[in-house]
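J.: Below: one structure in structure tokens.
Derivation of every value follows stated rules applied to the coordinates shown; laboratory data play no part. Predicted model, so just to flag it, every value in this text is computed and none were measured. As a convention, Cβ positions derive from the backbone with ideal geometry for all residues, glycine included, and neighbour counts pool all protein chains shown.
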Amino acid sequence: QVQLVESGGGLVQPGGSLTLSCAASGTIFSVNTMGWYRQAPGKPRELVATITRASRTVYADSVKGRFTISRDNAKNTVLLQMNSLKPDDTAVYYCTAIIRATVTGSFRDHWGQGTQVTVSS
């Protein structure tokens, strides 16, 4: 079946940069919109950014101008370039993708396991 694997999380100082990567693998016919969500302790999961197959993007106001989402359709990957990181960006970041596994199947939401991003001195 389909799986999403994130990488690139870690510890970074305020003002620093970090790039997250997510690759979809398994039985895949088509990958539609991909994106990133994040969840801080005690808070609900929130949208960070999404990108369509045609590279149309949507960003949360809190990250607009600092984060950049991109994708490689041939590799079924999505990236999140994070610049000017703040302590408030600390959270578990989850990759998501809408994927059609087979030509006769339906599009379904898939989620990665999450990767920790910690912004601290």
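J.: Fully extended, how many nm does the chain gain between SER7 and ARG45 (0.36 nm per residue separation, minus their Cα-Cα distance)? Mind dumping the intermediate values first?
T.: Numbers: separation 38, 0.36 × 38 = 13.68 nm, distance 1.88 nm.
The SER7-ARG45 span can extend by a further 11.8 nm.
J.: Once you put a point 7 Å from the Cα of THR19 and another 7 Å from the Cα of THR104, both along the Cβ direction, what distance in nm separates them?
T.: Result for the modelled spin labels: 4.1 nm.
J.: If you don't mind, there's one more thing I want to ask. Charges only on Cβ, +1 for Lys and Arg, -1 for Asp and Glu: so what's the dipole of the chain about the Cα centre, in debye to the nearest 20?
T.: Result for the chain is approximately 240 debye, rounded to the nearest 20.
J.: Mind checking which lysines have their C-alpha under 24 Å from LYS43, skipping anything on the same chain fewer than 8 residues away?
T.: LYS64, LYS86
J.: Cα to Cα, under 24 Å, and not fewer than 8 places away if on the same chain: which lysines meet these conditions relative to LYS75?
T.: LYS75 reaches no qualifying lysines.
J.: Pairs of Cα atoms under 8 Å, at least six residues apart: use those to get the relative contact order of the chain, whole percent.
T.: After rounding, I find 37 percent.
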